[in-house]
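For reference, the structure discussed in these notes is given below.
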Amino acid sequence: MPGRRPERLGEQIKEELSLIIGGEVEDPRLGDVTVTDAKLTADLRTAKVYVSVLGTQEEVKGSLAALRHASGFIRHQLGAVLRIRHIPELHFVYDDADLRAARIEELLSEEVAKAREVEQSSPDQDASGSASTGAVDEASEIEGRVS
C-alpha cells in the first residue's frame, strides 16, 4: 500500500501547476485554464492533471495542445520547486465535471417543475393524489439540496 504520499504530492503539484500555468507559460493558445486535480501513480512517475477550460471546444483543444507542448518547460519549473528525485511525467486531461454538474442540475430543475405542474393541475384526490404529493415533496427536497 503506497500510503498518503501520492495524494499529498498530487495536491502540492496541483497548487504549483496553477501558479506555473497562470504566471509563466506564455502561449497564445492557452485560454482560461484552471487546474482542478492532479493524481499520481503509486510509483510517483506519472501525474494525470485534470484541467478545466472556459470556452468553446476549439479553445479547449487549443489549450490542451498548448499544455502538452509546454509540458517539458512546466516539468522543469516544477522540478525547481518540488525537490524530489524524479519529476512526474505530466498528462493533461480535460475535466468536464462542471458541465456534467450543470446538466444534472438542469434535469433536476425540469423534474421539479413537472412535479409542481402536476400538483397544481390536479387537486388532491384519493390514494393516487397522496402519492403525487409525496413525489413533489421529494422533488422539492432534492431541489433544496442542489441549490
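The values are calculated or read from the model by the stated rules, or taken from the named source; none is laboratory data. Because the structure is a prediction, the values reported are computed rather than measured. No Cβ is skipped: glycine too gets one built from the backbone with ideal geometry, and neighbour counts run over all protein chains shown.
Which one of these is in contact (Cβ under 8 Å) with a residue 60 or more places away in the chain and of a type outside the set (S, T, N, Q): LEU64, LEU99, LEU54, LEU78?
LEU78
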* Looking at (1) among the β-branched types (Val, Ile, Thr); (2) under 22 Å from GLU7 (Cα atoms); (3) at pLDDT below 90; (4) part of a strand (DSSP E or B), which is the only condition VAL53 fails? -> (2)
* Kindly list the number of the only condition in (1) modelled with pLDDT of 85 or more; (2) exposed (fewer than 14 other Cβ atoms within 10 Å of the Cβ); (3) among the small types (Gly, Ala, Ser) that fails for ALA115. => (2)
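Conditions (1) in a helix (DSSP H, G or I); (2) of a type in the set (A, V, I, L, M); (3) in contact with an Asp or Glu (Cβ under 6 Å, 6 or more places away or on another chain); (4) assigned by TED's automatic domain parsing to the domain that holds GLN12, marked per residue:
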{"residue": "VAL81", "(1), (2), (3), (4)": "yes, yes, yes, yes"}
{"residue": "HIS86", "(1), (2), (3), (4)": "no, no, no, yes"}
{"residue": "LEU90", "(1), (2), (3), (4)": "no, yes, no, yes"}
{"residue": "GLU106", "(1), (2), (3), (4)": "yes, no, no, no"}
{"residue": "GLU111", "(1), (2), (3), (4)": "yes, no, no, no"}
{"residue": "LYS114", "(1), (2), (3), (4)": "yes, no, no, no"}
{"residue": "VAL118", "(1), (2), (3), (4)": "yes, yes, no, no"}
* Please state which of the following conditions VAL81 fails to meet, knowing it meets all the rest: (1) crowded, with 18+ Cβ neighbours inside 10 Å; (2) more than 19 Å from PRO28 (Cβ to Cβ). => (1)
* Looking at region 125-132, is at least one residue at pLDDT 90 or above and either in contact with a His (Cβ under 7 Å, 6 or more places away or on another chain) or not assigned by TED's automatic domain parsing to the domain that holds GLU26 (or both)? -> no
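Somewhere in region 40-60, is a residue assigned by TED's automatic domain parsing to the domain that holds GLU89, among the β-branched types (Val, Ile, Thr), more than 22 Å from ASP98 (Cα to Cα) and in contact with a helix residue (DSSP H, G or I) (Cβ under 6 Å, 6 or more places away or on another chain)? Walk me through it before giving the result.
The initial filter retains those residues of region 40-60 that are assigned by TED's automatic domain parsing to the domain that holds GLU89, namely 40-60.
From the residues that got through so far, the ones that are among the β-branched types (Val, Ile, Thr) too are 41, 46, 49, 51, 53, 56, 60.
From what is left, the residues that are more than 22 Å from ASP98 (Cα to Cα) are 41, 46.
Imposing the further condition that a residue be in contact with a helix residue (DSSP H, G or I) (Cβ under 6 Å, 6 or more places away or on another chain) reduces the set to none.
Within region 40-60, none of the residues are assigned by TED's automatic domain parsing to the domain that holds GLU89, among the β-branched types (Val, Ile, Thr), more than 22 Å from ASP98 (Cα to Cα) and in contact with a helix residue (DSSP H, G or I) (Cβ under 6 Å, 6 or more places away or on another chain).
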